[in-house]
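> Quick one: the structure is below, and I'll ask about it shortly.
None of the figures in this text is laboratory data; all of them are computed from the coordinates on show. Being a predicted model, the structure only gives us computed values, none of them experimental. Every residue, glycine among them, receives a Cβ derived from its backbone with ideal geometry; neighbour counts consider all protein chains shown.
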Amino acid sequence: MAKTLESSLTGVWLLQTIKMSIPVPCRIEYTVRHNGKGKNKLRVRCGNFWHLIWAKVHDFEIEPGKSKSRTLEINSDTTGTDDQRQDFRWRLSRAILTKEIDWKLTYTVTRLKGETDVTSECPATIANDKE
């Protein structure tokens, strides 16, 4: 079942990182909605941990009031462990002189073998950061 996270990029916080650990192989389907106003663009980057670095899979911007959806498959654990779980993250950011941006992320995680929905097994944490 799809999970939805909501927050705001406001004040000194220019970047929020949503981190989770996912079973592999799996498919991630997600939609990010920009709920802000004005001309502020929301930048979305997502990727997985690949041998000591974060590899970007998607990198795009969203206009106010719009949303974009993406799908990706992750077929192996590249974190250097043998637990068959991959570290995955989204980074949502705004430019330094822009106003507050409210956002909403809805995602599902599906195990490829058997097409089993495992979203509930993939809790996410949100962390604020200055970029």
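> Once the dipole of the chain is set up with Lys and Arg at +1 and Asp and Glu at -1 on Cβ about the Cα centre, which of ILE101, THR31, SER120 lies farthest towards its positive end?
ILE101
> Sticking with this structure for a sec: Counting Lys and Arg as +1 and Asp and Glu as -1, each charge on the Cβ, what is the dipole of the chain about the Cα centre in debye, to the nearest 20? Please report the intermediate quantities before stating the final value.
Working: 22 positive and 17 negative charges, 130 e Å.
Taking the Cα centre of the chain as origin, the dipole is about 620 debye.
> If the limit is 23 Å between Cα atoms, which of LYS37/LYS68; LYS66/LYS99; LYS3/LYS99; LYS3/LYS66 go over it?
LYS3/LYS99
> Okay, next question. Can you list residues whose amide H is under 5 Å from GLN86's amide H, if they're 5+ apart or on another chain and H is modeled 1.01 Å from N?
ILE22, VAL24
> How large is the translational diffusion coefficient of segment 1-72 in µm² per second when you combine the Kirkwood radius over alpha carbon pairs with Stokes-Einstein at 10 °C and 1.306 mPa s?
So the translational diffusion coefficient is about 114 µm²/s.
> Further question on the same structure: Just round it to a whole percent: the fraction of Cα-Cα distances in the chain exceeding 19 Å.
48 percent
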